[in-house]
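Engineer: Here it is, the structure in full.
Here, each number is a calculation from the coordinates, and none is a lab measurement. Here the structure is a predicted model, which is why all the values come from computation and not from measurement. Counting neighbours? That spans all protein chains shown, and the Cβs are built from the backbone with ideal geometry, glycine included.
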Amino acid sequence: MPEKTFIKKHATPHTFRHKFISVLAETKVNLPTVMEEVGACVMKTTMKIYTHVTKK
């Protein structure tokens, strides 16, 4: 049986998208590659919305 976590936030597909893009940004994957992976088309929007999520 899987162990329970202490995560309280309701997870949605959008939550996982944010996390995925944030991890890619933290690991210095170049932005055009990130955008291609997630189907984003506006670089400025991608930077503004997704790269602020983590402290790194």
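Engineer: If the elastic network links every pair of Cα atoms under 10 Å, which of Thr27, Thr12, Thr45 fluctuates the most in the Gaussian network model of the chain?
Structural biologist: Per the Cα network of the chain with a 10 Å cutoff, Thr12 tops the list.
Engineer: When the Karplus curve 6.51 cos²θ - 1.76 cosθ + 1.60 is applied with θ = phi - 60°, which whole-Hz ³J(HN,Hα) does each residue of the range 36-42 get, with x for Gly and Pro?
Structural biologist: Working through the residues one at a time gives 5, 4, 9, x, 7, 10, 10 Hz.
Engineer: I would also like to ask the following. On a full-extension model of 0.36 nm per residue, what is the gain between Val29 and Ile7, subtracting their alpha-carbon distance, rounded to one decimal in nm?
Structural biologist: Full extension of this stretch gives 5.2 nm more.
Engineer: May I pose another question? What nm distance separates the two modelled labels at Glu36 and Arg17, each placed 7 Å from Cα along Cα→Cβ?
Structural biologist: 2.0
Engineer: Plugging the Kirkwood radius over Cα pairs into Stokes-Einstein for the chain, at a temperature of 10 °C and a viscosity of 1.306 mPa s, what D comes out in µm²/s?
Structural biologist: 128
Engineer: Set the bar at 28 Å for Cα to Cα. Now go through Lys8/Lys48; Lys19/Lys44; Lys4/Lys48 and name every pair that lies beyond it.
Structural biologist: On the way: Lys8/Lys48 25 Å; Lys19/Lys44 18 Å; Lys4/Lys48 33 Å.
Among Lys8/Lys48; Lys19/Lys44; Lys4/Lys48, the Cα-Cα distance tops 28 Å for Lys4/Lys48.
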